[in-house]
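To start, I am sharing the structure in question, which I have written as structure tokens.
The values are calculated or read from the model by the stated rules, or taken from the named source; none is laboratory data. Since the structure is predicted, the reported quantities are computational estimates derived from the model, not experimental observations. Counting neighbours? That spans all protein chains shown, and the Cβs are built from the backbone with ideal geometry, glycine included.
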Amino acid sequence: VPLELIMFCVTCSRTLEINEQPLSLTPAELWELRELQKLNLSMNCLCSLPPALSALDNLVILNLWGNNLSRLPPEIGLLKKLRVLFACRNRLSEVPEELGSCTCLEVLSLANNQITGLPGSLAAMHNLTKLNLSHNRISHIPTCVYSMKGLILIVEGNSIHTLPKTLCFLESLELLNVDFNDLQSVPVEMYLLSRLRRLACHPLDKGLHIIHNPLLKPIQEVLQGGLSALYNYLKPT
């Protein structure tokens, strides 16, 4: 596509979509589009992003879904206006500390990668409302999550063995998906999550997603009566 046409389109809409192309390298001209607010590079063959990404300091939405990225450049932390980052279905094994500087971020999807944890710097993301870490290699709930008060948290398909009681103090949680992990029990304090109103089945349903775990008795049996039955069982008498 001629650069002049790209520049015209970006000037008009502040949006650029270069998705579903066999793109393995990003054109250098891309990083000159300073007015860009929405960039879609999904479903390409990108293995890396250059430090020049930081030049797009007006970006609000960045979609990197379905590439071959093994890392995110630390310069991503300079995108101070970023609100939505999709980096799912890549080959990420870690998340840069600098991402914690993106304090305007509201949606962060890192699903279907090889991530084992999150840096503590992400605790600064007080505006985050949705965090998707499903289908990674996480063995415990990242501690930075406990600073994210109004969160939808999706960690299904990992290797989490226990839920810490600290998680139960995130009382504004409306969706907690811990399905397909290795949970055998739940913390007694779970009844404090009063905004989880029901056991949920559909992935997008609000509520608690937990039944697809090797839960032991009596929790497994109590859950057959629904979430209210579980909470009544856990509440101190």
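Could you check region 183-207 and list, in sequence order, the residues that are under 20 Å from the mean Cα position of the chain (by Cα), within 26 Å of Arg137 (Cβ to Cβ) and surrounded by 12 or more Cβ atoms within 10 Å (Cβ to Cβ)?
Hits for region 183-207 are Leu196, Ala200, Pro203, Asp205, Gly207.
Can you name the residue in region 131-154 that is among the small types (Gly, Ala, Ser) and within 14 Å of the chain's Cα centre (by Cα) and, of all such residues, is farthest from Ala87 (Cα to Cα)?
At the first step, the residues of region 131-154 found to be among the small types (Gly, Ala, Ser) are 134, 139, 147, 150.
Next, from what is left, pick out any that are within 14 Å of the chain's Cα centre (by Cα): 134, 150.
Working: Ser134: 12, Gly150: 21 Å.
Among them, the one singled out is Gly150.
Continuing with this model, one more query. Looking only at residues that are at pLDDT below 90, outside any loop (DSSP other than H, G, I, E, B) and among the charged types (D, E, K, R) in region 1-48, which one is nearest to the chain's Cα centre (by Cα)?
Ranking the qualifying residues of region 1-48, first place goes to Glu17.
What are the residues in region 110-130 that are under 19 Å from Leu82 (Cα atoms) and aliphatic (A, V, I, L, M), if any?
Leu110, Ala111, Leu118, Leu122, Ala123, Ala124, Met125, Leu128
Under 6 Å between Cβ atoms, which residue pairs at least 6 apart in sequence (or on different chains) link something in region 216-237 that is part of a loop (DSSP other than H, G, I, E, B) with a partner that is among the polar types (S, T, N, Q) and surrounded by 11 or more Cβ atoms within 10 Å (Cβ to Cβ)?
Leu216/Gln184
Let me ask you something else. Looking at Asn112, is it outside any helix (DSSP H, G or I) and surrounded by 17 or more Cβ atoms within 10 Å (Cβ to Cβ)? Reasoning before the result, please.
Working: outside any helix (DSSP H, G or I): yes; surrounded by 17 or more Cβ atoms within 10 Å (Cβ to Cβ): yes.
Spelling it out, Asn112 is indeed outside any helix (DSSP H, G or I) and surrounded by 17 or more Cβ atoms within 10 Å (Cβ to Cβ).
State whether one or more residues within region 56-76 are under 21 Å from the mean Cα position of the chain (by Cα), assigned to a helix (DSSP H, G or I) and surrounded by 19 or more Cβ atoms within 10 Å (Cβ to Cβ).
yes
Moving on. For region 183-205, state whether one or more residues are of a type in the set (Ser, Thr, Tyr) and out of contact with any helix residue (DSSP H, G or I) (no Cβ under 9 Å at 6 or more places or on another chain).
Pass one, region 183-205, residues of a type in the set (Ser, Thr, Tyr): 185, 191, 194.
Within this subset, residues satisfying the condition of being out of contact with any helix residue (DSSP H, G or I) (no Cβ under 9 Å at 6 or more places or on another chain) are none.
No, region 183-205 contains no residue that is of a type in the set (Ser, Thr, Tyr) and out of contact with any helix residue (DSSP H, G or I) (no Cβ under 9 Å at 6 or more places or on another chain).
Does region 119-139 contain at least one residue that is under 24 Å from Cys201 (Cα atoms), among the β-branched types (Val, Ile, Thr) and assigned to a loop (DSSP other than H, G, I, E, B)?
yes
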